[in-house]
1. Quick check, is Asn204 of a type outside the set (Lys, Arg), more than 27 Å from Leu105 (Cα to Cα), buried (at least 20 other Cβ atoms within 10 Å of the Cβ) and at pLDDT 95 or above?
2. Search the stretch 176-194 for residues being modelled with pLDDT of 95 or more, surrounded by fewer than 19 Cβ atoms within 10 Å (Cβ to Cβ) and over 23 Å from Thr239 (Cα atoms), and hand back the single one that is nearest to the ligand (Cβ to nearest atom).
3. Would you point out which residue out of Phe144, Phe140 is under 22 Å from Pro97 (Cβ atoms), among the hydrophobic types (A, V, I, L, M, F, W, C), modelled with pLDDT of 95 or more and in contact with a Gly (Cβ under 8 Å, 6 or more places away or on another chain)?
4. If I filter the stretch 229-237 for residues that are under 15 Å from the mean Cα position of the chain (by Cα) and at pLDDT 95 or above, do I get at least one hit?
5. Could you list, in sequence order, the residues of the stretch 60-88 that are within 16 Å of the ligand (Cβ to nearest atom), over 22 Å from the mean Cα position of the chain (by Cα) and assigned to a helix (DSSP H, G or I)?
6. Given the conditions (1) among the basic types (Lys, Arg); (2) in contact (Cβ under 8 Å) with a residue 60 or more places away in the chain; (3) more than 21 Å from Trp305 (Cβ to Cβ), report the number of the one that Arg175 does not fulfil.
7. State all residues of the stretch 125-158 that are of a type in the set (Asp, Glu) and within 14 Å of the ligand (Cβ to nearest atom); if no residue qualifies, say none.
Amino acid sequence: MLRRTAMRFIDIGANLTDPMFRGVYRGKQAHEDDWHLVLDRARKAGVEKLIITGTNLEEANEAIDVIKQHNENQMLYSTVGCHPTRCDEFEQSPGGPTEYLNHLLKLAQENPSTVVAIGECGLDYDRLQFCSKETQKKYFEAQFELAEKTKLPMFLHNRNTGDDFVNMIKANRHRFTHGVVHSFTSTVEEMKQLVDLGLYIGINGCSLKTEENLQVVKEIPRDRLMIETDAPWCEIRPTHASSKHLAKIPKEEMELYAPLSKKKERFEKGLMVKNRCEPCATGLVLHVIAAIRDEDPEELAEIIWKNTSNSFANPTDVMPTPLTNRAPKKNSNKKISSPSVSKAKATQDSLAGPLNLASIEKPFKSSKYKTPKKSKNLKQILAAEKTQDLDLNIPTYQNIECPPSILPQQKYCDITGLIARYTDPKTGLRYHNAEIYQFIRTLSVPNVQAYLASRNAAVVLK
Ligand SMILES: [Zn+2]
């Protein structure tokens, strides 16, 4: 089923193995299984990909089974790990903690096209009645080994743990590539610490409950944001600070992100169930974030898509949808005219990138872009930059501050594929010099991506 919104999302945290999606509430069947309808609604609402949270060995197993049976269009993925409140299971396991950990490891290793992260794991001191601090810490520590061995990113959970969580992350940071702290509800200071450690921040309805929450979300760097629903939990409720921002969402979109609902006792096939959050609500989270940050929703959605697809891609998988496969936007007035390009001459130098701009005779056109008066064409700029003729006082990639997770040897420009000199601090896109930066900045990120798609070019991963 085709999505009906211009935006596309990856819900990084949906508990789709929860019995509620089979119509079972507290062990009682309240209505028929509507799991597939939940997925249909999600797709219509732009959720092209969805990561099912594996909260323990059993549920991670179940998630992988369900995905194998039902995966359509490579929409569903899963995490493998053990939630802090479930960590007693390590010790209750018949074969002991080592065996439990090995089972998790095996599950992740044997399903490389399905499992995209280790987790959820972490610490939760709000719910110590389920598992003690000591046990939580012991088995959070143990799960870094899973990330280390599989090289998968981590899907992390943290609630009210003082400095314990951050300290454990710091102590183990060298053991995992990167990760996301999902359902973030903590302070600006903690968010900054985590961002400095190279982590992403996952936002859902629970992260947007209070005015203080909204202030924190405002501060998250754009290239560190991810969105989720945590369905069936964490819906945006009328009492939340976020709800006032829903009023600005266009009606057609509201119908997709928040379709009609009925109480579970009055279940009607095709409608949502009251108070059971669903992945189709991902768009609501996006809109609230865009509204409080005063950003363009479509542009922000694409940045978040990119943050997520880059982070959760695994070597055997094709998690990032090639942009060329995207459904065309209906009535889009943001189309970029394709420049006429001479057949790319194979050059022997370093100009081979995903998009060889040096071979393009005319720079691409956008009605929004006006050629700066003194500007040379893009080909000349690139040539000049290569021979260091341009003496512009701009930062080189050596002195751009970067979290450790994105410190590769070379920084490629996402647009040209060449080694870039300048990073837009807001979008994380890399450009060559101030002039090219100004040139590309006038196009919004979706336009740049649409342009790349029209050139059958890929966006280079950081
Ligand atoms: Zn969680």
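The values are calculated or read from the model by the stated rules, or taken from the named source; none is laboratory data. In this text the structure is predicted, and so the values were computed from the model without any measurement. As a convention, Cβ positions derive from the backbone with ideal geometry for all residues, glycine included, and neighbour counts pool all protein chains shown.
1. yes
2. My answer is Gln193.
3. Residue meeting the stated conditions: Phe140.
4. Scanning the stretch 229-237, I find at least one residue that is under 15 Å from the mean Cα position of the chain (by Cα) and at pLDDT 95 or above, so the answer is yes.
5. Residues satisfying the conditions are Pro84, Thr85, Arg86.
6. Just one mismatch for Arg175, condition (2).
7. Asp126
Per-residue answers, yes or no, for (1) farther than 19 Å from Glu189 by Cα; (2) touching a helix residue (DSSP H, G or I) at 6+ places or on another chain (Cβ under 8 Å):
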{"site": "Arg222", "(1), (2)": "no, yes"}
{"site": "Lys264", "(1), (2)": "yes, no"}
{"site": "Lys269", "(1), (2)": "yes, yes"}
{"site": "Glu278", "(1), (2)": "yes, yes"}
